[in-house]
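Working notes, beginning with the structure itself.
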Amino acid sequence: SKKIETLRVAIRDIPDFPKPGIIFKDITPVLGDPALFCAAMEFFVEKAQEAKPTKIAGIEARGFLFGAVLAKELGLPFVPIRKKGKLPYKTISQSYDLEYGQAEIEMHEDALQAGDRVVVVDDLLATGGTAAAAAALIKKVGAEVAGIHLLIELAFLDGRKSLSPHPVETLLVF
Ligand code: AMP
């Protein structure tokens, strides 16, 4: 549609950021235009409503922007999933592989209960490693992944493969 095309062209490519060979998809033009931010949120709201979650989890940092607004729109609790060492209370953690080395994400141990249905929100799906680690955290505490919803998908990296069998929804596929 026209709206999706307007969003697509607003995403700014930044070559060689944060390191050589990476084309960074900059979403700040979307945040900086209320009509575009609204269009992006319409996607998140529609997909989340279909998934019938009990809670929304956002992945640091850009997943917080869309995830927190989504939680507020739906009247649901928001759960931050953060990089290691940032959350102040007792955490559970999950490590995952990066191209070089490893990373770790954490969630407060009391953020979810068994039986919760969680929609995971982030800005972009690349290899899928981050979202897969978030899904693993959610399952560790006996909660269910109702969906993994991202604004942008880099299809050539085939990140969806590592998220099976969870339902994955993306709006802009590059
Ligand atoms: P991955 O774990 O490989 O799917 O990477 C996804 C995470 O890294 C998300 O939190 C994204 O915000 C970030 N990311 C990875 N690649 C890019 C990119 N080309 N542009 C912007 N953000 C990216």
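Output yes when any residue across the range 94-105 is in contact (Cβ under 8 Å) with a residue 12 or more places away in the chain, touching a strand residue (DSSP E or B) at 6+ places or on another chain (Cβ under 7 Å), polar (S, T, N, Q) and more than 30 Å from Ala39 (Cα to Cα), and no when none is. Yes, the range 94-105 contains at least one residue that is in contact (Cβ under 8 Å) with a residue 12 or more places away in the chain, touching a strand residue (DSSP E or B) at 6+ places or on another chain (Cβ under 7 Å), polar (S, T, N, Q) and more than 30 Å from Ala39 (Cα to Cα). Residue count for the range 141-162 satisfying the condition of being crowded, with 16+ Cβ neighbours inside 10 Å and part of a helix (DSSP H, G or I): 3. Filtered by the rule that a residue be part of a loop (DSSP other than H, G, I, E, B), acidic (Asp, Glu) and within 13 Å of the ligand (Cβ to nearest atom), the range 94-140 gives a lone residue, Glu99.
Tyr89 - would you say it is over 24 Å from Arg8 (Cα atoms), at pLDDT 95 or above and touching a helix residue (DSSP H, G or I) at 6+ places or on another chain (Cβ under 6 Å)?
Details: over 24 Å from Arg8 (Cα atoms): yes; at pLDDT 95 or above: yes; touching a helix residue (DSSP H, G or I) at 6+ places or on another chain (Cβ under 6 Å): no.
Answer is no for this residue.
For the range 54-74, taking the residues that are within 13 Å of the ligand (Cβ to nearest atom) and either of a type in the set (A, V, I, L, M) or modelled with pLDDT under 95 (or both), the one that is surrounded by the most Cβ atoms within 10 Å (Cβ to Cβ) is identified as Ala57. Could you identify the single residue in Pro18, Pro29 that is in a helix (DSSP H, G or I) and within 15 Å of the ligand (Cβ to nearest atom)? None of the others qualify; the one that does is Pro29.
The values are calculated or read from the model by the stated rules, or taken from the named source; none is laboratory data. Just so we're clear, the structure is a prediction, and the values are computed from it rather than from any experiment. Positions of Cβ are generated from backbone atoms using ideal geometry, with glycine treated the same way; all protein chains shown enter the neighbour counts.
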